[in-house]
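Asker: Pasting in a structure now, in structure tokens, and then I'll have a few things to ask.
What follows is calculated from the coordinates using simple rules that are stated; it is not laboratory data. Every value quoted in this text rests on a predicted model; they were computed, and no experiment measured them. Neighbour counts run over all protein chains shown; Cβ positions are idealised from the backbone, glycine included.
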Amino acid sequence: MGRASSPRRGSMAYSPRKRASRIVPRISTWPKVEGEPKLLGFAGYKAGMTHVVLVEDRPNSPDYGREVVRAVTVLDTPPMLICAVRAYERTVDGLKAVAEAWMEKLPKDFERVFTVPEAFDTEGALEKIEQLIKEGRVHEVRVIAATQPRLAAVPKKKPDVMEIAVGGSVEEAFEYAKSILGKEVRVSDVFRPGEYVDVVAVTKGKGFQGPVKRWGVKIRPRKSRKMKRGVGSLGPWHPARVMPTVPLAGQMGFHKRTEYNKRILMIGSDGTEITPKGGFKKYGVVRGDFVLIAGSVPGPVKRLIRLRKAVRSPEQPETAPEITFIHSTWGGSWSGG
């Protein structure tokens, strides 16, 4: 008689499965992009999903040249406000912020995030950063950007503040960051249709769940001792502790996740082109800039979604795909050449 097989339940790849520390996910790794300096990321709000019909342009695909149907996610991406420029110095402990310059007058909504000083010495701070660059101390330049939820359909006024790296050399990155300080940047200034990006977001939270739902543990027979929706054993006597590999109850969902190489199919400036009659379910009407991402992205509707230049960019065409049809839920559709 063969030995009974008892494979482990669930994957340990994402352990420990604990709640994300913040709703605005941090991006710790940015790609090295040469050439024209520009922002390496952007952010928007998840509006919903639909599907499009496009001409397959991947040469290795068996459907190359044919019309195919693709599920897409709609992101509401109003312009972001560039609030500050921050300079980083490389140390033995990693990057350390050495100077930053804020715009002179922050919008009133920033009082919901932190205490806003009456005035900033913007010119003096920029001169300090420039002097540090001449001394060779600055290793990287980033900007502090904020979303403008009043321009989106999310029911909030508090802006989401985050860091975004700037591509190019240090000198070019600083000059570009200085030129956009206090101004708005649109998603079309950062990305283009057909480009591959990484999506960083916090997944949908499901609260405290048992091992059956959390790990896929098999439900035991009805005459089992003590419990049915639990593991048969917590482990041996020695080591005298419960190992972290044992599937137990705990937090499920609301985890920070990164999905690589999501393709941007379309970037538009008029959200009415893709908004269904009555608006997206549980979101509303997309009024301004929007992005169509191939496939799904983490998180529920209204969740903040961060986009980053792909760090593992695939060898695929990055030209704008030919979209022939965009489906609008609850009747109606958009079609174009």
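Asker: In what order do 29, 73 fall by count of nearby beta-carbon atoms within 10 Å, going from fewest to most?
Answerer: Least crowded to most crowded, the residues run 29, 73.
Asker: Normalised by the number of residues in segment 79-185, what is the relative contact order in percent for Cα pairs under 8 Å and 6+ residues apart?
Answerer: 37
Asker: Counting Lys and Arg as +1 and Asp and Glu as -1, what is the net charge of the other residues whose Cβ lies under 15 Å from the Cβ of residue 289?
Answerer: Computed value for this residue: 0.
Asker: Over the chain, what is the mean sequence separation of C-alpha contacts under 8 Å (at least six apart), divided by residue count, expressed as relative contact order in percent?
Answerer: Here the relative contact order equals 28 percent.
Asker: Shifting gears a bit: Using only the alpha carbons of segment 90-212, what is the convex hull's orientation-averaged projected area in square nanometres?
Answerer: With the hull built on Cα positions only, its mean projection is 12.5 nm².
Asker: Sort 132, 39, 234 so the one with the fewest other Cβ atoms within 10 Å of its own Cβ comes first.
Answerer: In order of increasing Cβ crowding within 10 Å: 234, 132, 39.
Asker: Then there's this: What angle, in degrees between 0 and 90 and rounded to the nearest 10, separates the Cα long axis of helix 170-180 from the longest principal axis of the Cα atoms of the chain?
Answerer: Taking the Cα atoms of the chain, the angle to 170-180 is about 80 degrees.
Asker: Let me ask another. Would you mind estimating how fast segment 187-238 diffuses translationally, via Stokes-Einstein at 37 °C and 0.692 mPa s with the Kirkwood radius over Cα pairs, in µm²/s?
Answerer: Result for D is 208 µm²/s.
Asker: Could you tell me which GluC sites (Glu not before Pro) in segment 126-157 are loop residues by DSSP with no more than 13 other beta carbons within 10 angstrom of their beta carbon?
Answerer: Within segment 126-157, the qualifying GluC sites (Glu not before Pro) (loop, at most 13 other Cβ atoms within 10 Å) are 135.
Asker: Treat every Asp and Glu Cβ in the chain as -1 and every Lys and Arg Cβ as +1, leave all other atoms uncharged, and give the resulting dipole magnitude about the Cα centre to the nearest 20 debye.
Answerer: Charge dipole, the chain, about its Cα centre: 3820 debye, nearest 20.
Asker: Also, I was wondering about something else. Packing-wise, with mean Cβ within 10 Å as the measure, how do 74-86, 263-275 rank, highest first?
Answerer: Put in order of decreasing packing, that is 74-86, 263-275.
Asker: Can you pull the Rg over Rh of segment 197-292, Cα-only, Kirkwood?
Answerer: When Rh is taken as the Kirkwood radius, the ratio is 1.23.
Asker: A further question follows. Take the alpha-carbon centre of segment 33-86, take the same for segment 210-265, and report the distance between them in whole Å.
Answerer: If we compute the Cα centre of each part, the gap is 35 Å.
Asker: Neighbour counts of other C-beta atoms within 10 Å: give me 38, 32 arranged from fewest to most.
Answerer: Going from sparsest to densest Cβ surroundings: 32, 38.
Asker: Here's something else I'd like to know. I want to verify the translational diffusion coefficient of the chain in µm²/s; compute it with Stokes-Einstein, Rh as the Kirkwood radius over Cα pairs, at 37 °C and 0.692 mPa s.
Answerer: D = 143 µm²/s.
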